[in-house]
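Taking it in order: structure first as structure tokens, then the write-up.
Every number in this text was worked out from the coordinates using simple rules, so none of it is lab data. Note that the coordinates shown come from a computational prediction; the quantities given were computed from them, not determined experimentally. Reconstructed Cβ throughout: ideal geometry from the backbone, glycine too, with neighbour counts over all protein chains shown.
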Amino acid sequence: MRGPAPLSESVTVRVEPGTAYAAVSDVTRMGQWSPEVRGSQVLGGRGPVRVGTRFVGLNRASWLPWATLCTVVSAEPGSCFSFKVSFLGVALSQWTYRFTEVPGGCEVTEEWLDLRSPVAGRLLTAVTPVFTGVVRRRERNRATMRATLAALRAALEGG
């Protein structure tokens, strides 16, 4: 059985794809753009992330913060950056950022793919609103993706 289709949002930014990739793949900066991510910490080292790099994502949607374990699954400078997210060993999602050169800059596409199994999905859907205040994850993610991309564009174009 196949899950819901991925969500995606795009924005055009007046920078080269490599510049946008460098910003997004520096996962410690995601809290600067995302309304839900408060920060992240790369595990086991410094320097550019690559496939297999793991990091802890620190998040908060309402009163309770939570941490996720993330693993980079694609790191193609100037082209694609993607990571899978889990919570307490349960696969949650995959986030992908694609960078496509367009006249005057690049298009940045952010994509969210729900990886929760039907059982884990139902369980998490039932309990997470109590802790995070998020009732409709797909709708929430679409809104936060738009906000993230707008903030990313403002940061990159602002210097």
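The phi-based Karplus calculation (6.51 cos²θ - 1.76 cosθ + 1.60; θ = phi - 60°) puts the 3J(HN,Hα) values of segment 41-48 at 9, 6, 8, x, x, 10, x, x Hz, whole numbers, x for Gly and Pro. For residue 15, the amide hydrogen comes within under 5 Å of the amide hydrogens of 106, counting only partners 5 or more places away or on other chains and with H modelled in the peptide plane.
In loop segments of segment 1-82 as defined by DSSP, the trypsin sites (Lys or Arg not before Pro) with at most 13 further C-beta atoms inside 10 Å of their C-beta are 2, 14, 46, 50.
Just add up the charged neighbours of residue 148: K/R +1, D/E -1, any other residue whose Cβ is under 9 Å from the Cβ of residue 148.
Around residue 148, the surrounding residues sum to -2.
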